[in-house]
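Shown next, in structure tokens, is the structure this report addresses.
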Amino acid sequence: MKTEAKQTNRLAGLLSNHRESGLLLILCLMGVILSFVAEGFLSVDNIFNILKQTTLVTIIAVGQTFIITSGGIDLSVGYSMTLSSMILAYMLTFAVPVPVAICLGILSSVLVGAANGLLITSLKLPPFIITLGMSNIVKGIILVMSKGYIVSLTEPFIISLGQGTIGKIPVMVLFIPIVAGIMGFVLNQTIFGNHVKAVGGNEEAAVLSGINARKVRVMIYTLAGLLCGIAGIIVTGRLNGGNPNAAGTYDMDSIAAVIVGGTSLAGGSGTVMGTVLGALLMILIRNGLVLLQVNMYWQTVAIGVVIILVCALDGFGRMKKD
């Protein structure tokens, strides 16, 4: 019994100290299990399909990682991405040059992020309230613009971002290592990243040490808006145009990926690599359940159970560590 307890404590310690290693182990185990029970799971097409579904969640969730690390939250990321997509689609229908249309699409999302940051720091209201309100504002703007209709596109470059391939590798999948690599470096190796963690850990202490917390928060939400804008450009190519309903569940999916990945909801610590693995874990579960022909409603239940279990195991590991 003592040996089993020691082994349990070691596993808990591993997951607490090396969250990414624990998630990677879970992913490998799930992959092995699904390869036996789900026909076609290991096919090349299915693997790339998993990675394509993971791409958009990852890009948005990386921005959410910075926000949650700073002690905030953003419930407007889905519609921020959708606004970027719709602006891009409309600009292209008006024969605006592609580079300009892309910049305008991303700019619209950046402005949403900046507005979130400015309102949160100026009105001193909880980020939950501000971003929930902003989500509804942006959703309303999108519906007024589109009247609920899809804006179809045939622009080759934009379509290639969402559907093109380099060899057999989907172009959009390449955004995962690019975004994760750059943003991971920013969070862990730059002064700005240190400020993000400091503000999330103890804002009062951060201010006393000379950090402009207000400026940092605005920059964080603006950065998240930038990443939502990039996701919006990709989703436009993936859907062959601007879809006012593209927001889907990206708000909750991004938050779930961050939490499962090991970023503390209390702020002060965050991991971009953990977020990537968290997003991949959720998509992997959904993909496996689809292949097993599990009812889509039960798929949602399964994701919720996994989130609770992974976080509970992490909490257990932290208690053992203390």
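If only one of Ala95, Ala114 is in contact with a Ser or Thr (Cβ under 8 Å, 6 or more places away or on another chain), open to solvent by 10 Å² or more (accessible area, probe 1.4 Å) and more than 17 Å from Leu161 (Cβ to Cβ), which one is it? The conditions single out Ala114. Across the stretch 304-321, which residue is surrounded by the fewest Cβ atoms within 10 Å (Cβ to Cβ) among those that are β-branched (Val, Ile, Thr) and at pLDDT below 80? Going through the qualifying residues, I end up with Val306. Ala302 fulfils the conditions (1) in a helix (DSSP H, G or I); (2) farther than 19 Å from Val37 by Cβ except for a single criterion, (2). Checked against the criterion of being touching a residue at least 40 places away in the same chain (Cβ under 8 Å), among the polar types (S, T, N, Q) and either open to solvent by 50 Å² or more (accessible area, probe 1.4 Å) or part of a helix (DSSP H, G or I) (or both), the stretch 157-165 has at least one qualifying residue. State the number of residues belonging to the stretch 93-134 that are within 29 Å of Gly241 (Cα to Cα), of a type in the set (Phe, Trp, Tyr) and not in a loop (DSSP other than H, G, I, E, B). Selection size over the stretch 93-134: 0.
The single condition among (1) modelled with pLDDT under 95; (2) closer than 30 Å to Met91 by Cβ; (3) of a type outside the set (Ser, Thr, Tyr); (4) open to solvent by less than 90 Å² (accessible area, probe 1.4 Å) that Ile211 does not satisfy is (2). Any residue in the stretch 23-36 that is closer than 28 Å to Asn194 by Cβ and at pLDDT below 95? For the stretch 23-36, residues closer than 28 Å to Asn194 by Cβ and at pLDDT below 95: present. With respect to Phe128, determine if the residue is aromatic (Phe, Trp, Tyr) and open to solvent by 10 Å² or more (accessible area, probe 1.4 Å). When the stated conditions are applied, Phe128 passes them.
With the structure loaded, tell me whether Ser108 is of a type outside the set (Val, Ile, Thr) and surrounded by 15 or more Cβ atoms within 10 Å (Cβ to Cβ) or whether it fails that test. Break it down into steps so the answer makes sense when it comes.
Values: of a type outside the set (Val, Ile, Thr): yes; surrounded by 15 or more Cβ atoms within 10 Å (Cβ to Cβ): yes.
In short, yes.
For the condition aliphatic (A, V, I, L, M), within 30 Å of Ser43 (Cβ to Cβ) and either under 21 Å from the mean Cα position of the chain (by Cα) or assigned to a loop (DSSP other than H, G, I, E, B) (or both), what is the one hit in Val138, Val196, Val173, Val186? Break it down into steps so the answer makes sense when it comes.
Numbers: Val138 fails: within 30 Å of Ser43 (Cβ to Cβ); Val196 fails: within 30 Å of Ser43 (Cβ to Cβ); Val186 fails: within 30 Å of Ser43 (Cβ to Cβ).
Every option except Val173 fails the conditions.
Total residues in the stretch 27-49 satisfying the condition of being crowded, with 19+ Cβ neighbours inside 10 Å and either out of contact with any Ser or Thr (no Cβ under 9 Å at 6 or more places or on another chain) or part of a helix (DSSP H, G or I) (or both): the figure is 1.
Quick grid of which residues meet (1) open to solvent by 40 Å² or more (accessible area, probe 1.4 Å); (2) out of contact with any strand residue (DSSP E or B) (no Cβ under 9 Å at 6 or more places or on another chain):
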| position | (1), (2) |
| --- | --- |
| Ile150 | yes, no |
| Met172 | no, yes |
| Ile176 | no, yes |
| Ala180 | no, yes |
| Phe185 | yes, yes |
| Val218 | no, yes |
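Check the stretch 70-77 and report whether any residue there is surrounded by fewer than 24 Cβ atoms within 10 Å (Cβ to Cβ) and either part of a helix (DSSP H, G or I) or touching an Asp or Glu at 6+ places or on another chain (Cβ under 6 Å) (or both). Yes, some residue in the stretch 70-77 is surrounded by fewer than 24 Cβ atoms within 10 Å (Cβ to Cβ) and either part of a helix (DSSP H, G or I) or touching an Asp or Glu at 6+ places or on another chain (Cβ under 6 Å) (or both).
For Ser146, the stated conditions hold: it is among the small types (Gly, Ala, Ser) and either crowded, with 21+ Cβ neighbours inside 10 Å or within 20 Å of Val235 (Cα to Cα) (or both).
The values are calculated or read from the model by the stated rules, or taken from the named source; none is laboratory data. All figures in this text were calculated on a predicted structure; none of them were measured in a lab. Please note: Cβ atoms are built from the backbone with ideal geometry, for glycine as well, and neighbour counts cover all protein chains shown. Note: areas computed on protein heavy atoms with side chains; ligands, DNA, RNA excluded. Shrake-Rupley method; radii C 1.70, N 1.55, O 1.52, S 1.80 Å.
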